[in-house]
Each structure stands twice: as C-alpha cells, then as structure tokens.
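Readers should treat all values here as calculations from the given coordinates under stated rules, not as data from a laboratory. Note that the structure is predicted; figures quoted are calculated from it, not measured. Note that each Cβ is placed from the backbone with ideal geometry, even for glycine, and that neighbours are counted across all protein chains shown.
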Amino acid sequence: MRVVLDTNVLLSSLLRSDSVPGSLVDAWREGRFELLSHELQLDELRSVTRRNYLRSRIRPAQAGKLVNQIRIKAEIVNRLPVVRRSADSLDDFLLALCEAGRADYLVTGDKTGLLALGTHGGTTILTARAFLDRLGR
C-alpha cells in the first residue's frame, strides 16, 4: 500500500507521538505501508518546524530525525507532474506526488481543501483516523 502523509499529519505526529498521526508514523516505521515523499515536502517540514511558535514545542533534533528517517526509509519521488487542482495551490505538490508515486492514499487533516476532493486519480484522500481504521489499529 503506497501512501502520502500530508505535512500537517507529519507535524502532528511530532507534536504528539501518542496521537492518531503518531500512530500512523509508527505504523509506517513498522512497515505497514510504503511512505512516499519528495524533497519539497522535506523542505516544508524542516521550514515549518523552525518557526518560532513550533520551535518551543518540537525540538529541532526530533524534526531532523524524522526527516532523516523519511529520506532513508521512504520512497523519494523525483519528478512531479504539474497539477493545479487544490483550493490551496501550495497543496498541489501533494496531489502531484500522489500521481507520480501511484499512491493508494493521501492522508491529510486539510478538511476544506484536500479532503473535500475525495479522490485524485487513483488516490483516495482521507483523514488520519480513517486511514488508521483501514490499517486495523
């Protein structure tokens, strides 16, 4: 099963490891699904965790460890097609990542944008809770 976790899900896992997003990252580490990512996402994750309001809640080493784990264990997709479909143009790279990586699922907390789409090509877009339920956790 090939999965894209939205950056907001990855950030939530860093904020609370005992949360649903934290359980998803644990499931990925256990090999329950294949994670797809891209350098744009890793850059976004690094950038956002350096913002003042998050720096007090997420240690830089903790964020760096996750970025390194993703770089080593996830499938890093190199070429992305041009996609212009999301209500937030900054999220279009996630849809492009789904296309290029042939993702089965895109997991997000973006209720008004990505979740409202429901699907993109062959990718089902759902919440972290819904995906965790599909994993049977």
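Here are the numbers for the structure shown:
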| item | result |
| --- | --- |
| Within-15-Å neighbourhood charge of Gly136 [Cβ basis; K, R +1; D, E -1] | +1 |
| Computed [θ] at 222 nm, deg cm²/dmol, the chain (DSSP H ≥ 4; -39,500 (n - 2.57); rounded to nearest 500) | -14500 deg cm²/dmol |
| Distance between the stretch 54-76 and the stretch 1-37 - C-alpha centres, whole angstrom | 12 Å |
| Placed amide H near Asp104: partners under 5 Å, 5+ positions off or other chain | Arg2, Val3 |
| Residue among Leu10, Tyr105, Thr127 farthest towards the positive dipole end of the chain, charges placed on Cβ | Leu10 |
| Mean separation of Cα contacts under 8 Å, 6 or more apart, over the residue count of the chain: relative contact order % | 29 percent |
| DSSP beta bridges in the chain [antiparallel fraction, %, rounded to 5] | 15 percent |
| Magnitude of the charge dipole, the stretch 2-135, Cβ model with Lys/Arg +1 and Asp/Glu -1, debye to 20 | 440 debye |
| Leu135-Ala61 FRET efficiency (beta carbon distance; Förster radius 30 Å; 0.05 resolution) | 0.60 |
| Label zone at Arg46, where the point sits 7 Å out along the Cα-to-Cβ direction: the stretch 78-111 residues whose backbone N lies under 12 Å | none |
| Packing-based ranking, highest mean first, of 108-116, 45-53 given that Cβ atoms within 10 Å are counted | 108-116, 45-53 |
| Table column - 3J(HN,Hα) (Hz), the stretch 82-89, Karplus curve with 6.51, -1.76, 1.60, x for Gly and Pro | 7, 10, 9, 9, 6, 5, 10, 4 |
| Zone residues, the stretch 94-137, relative to Glu30, backbone N less than 19 Å from point 7 Å out along Cα-to-Cβ | 107, 128-137 |
